[in-house]
Amino acid sequence: MLTPADIEQKQFAATRLREGYDQDEVDGFLDQVAVDYRQIEIELEKAVRDAARARRELEAARLPVPQDTDQPSLESIKTILVAAQRTADQCVADGQEQAGRAMADASLKAQALIDEAKAEARQIVGAAHEEQRRQINALEQRRTELVVVVNELASQRDDWKKWLEGALDHIKTKAGPENA
């Protein structure tokens, strides 16, 4: 069973790309859940104390009481005590029911927050993957373009090399055998 301290100390993991929820808003909600939960615990404890007190009073009332003509009859005292016991039992039952409803409501709200966070996380991860694919495609396209440029430059280099070799041979031939 969760305690108010469990709710107050609950930490949600941060996303890598950006925060999924406003952390202050989630913390504020959990603080309010903890306050409500603590209030229900206080009310339940009070109802349990009231029931215990009523039981003690009932046990004390069952002790023999000297009959006095000005005092209520033993039968009327029993009737009052039975009514008090029913009231105490009803207080305990009401407190437990209210605590159960509050816990169920808090659990539903917490699960809804978790579900929303997971859905947003999936959306963020999907968007990140899509952006990653887009960037990879752009880089691959740029790589292909650069390979074409490198091949063109290599072809131009080879052409210039051949031209220079031819020009050098031509110069050697014109200069004659004595300069070779």
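Structure data summary
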quantity: Residue 122 under 18 Å from the mean Cα position of the chain (by Cα) and at pLDDT 85 or above; calculated: yes
quantity: Residue within the range 34-47 that is of a type in the set (Val, Ile, Thr), in a loop (DSSP other than H, G, I, E, B) and either at pLDDT below 85 or closer than 30 Å to residue 117 by Cα (or both) present; calculated: no
quantity: Condition met for residue 61 (more than 19 Å from the chain's Cα centre (by Cα) and modelled with pLDDT of 85 or more); calculated: no
quantity: Pick from the range 6-33, criterion at pLDDT below 80 and of a type in the set (Gly, Ala, Ser), ranking: surrounded by the fewest Cβ atoms within 10 Å (Cβ to Cβ); calculated: 13
quantity: Residue match in the range 104-111 (condition: touching a helix residue (DSSP H, G or I) at 6+ places or on another chain (Cβ under 6 Å) and in a helix (DSSP H, G or I)); calculated: yes
quantity: Flag for residue 178 being at pLDDT below 90, in contact with a Gly (Cβ under 9 Å, 6 or more places away or on another chain), in a helix (DSSP H, G or I) and not aliphatic (A, V, I, L, M); calculated: no
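The values are calculated or read from the model by the stated rules, or taken from the named source; none is laboratory data. If you're wondering where the values come from, they're calculated on a predicted model, not measured in any experiment. Neighbour counts are summed over all protein chains in view; Cβ atoms, including those assigned to glycine, are modelled from backbone coordinates with ideal geometry.
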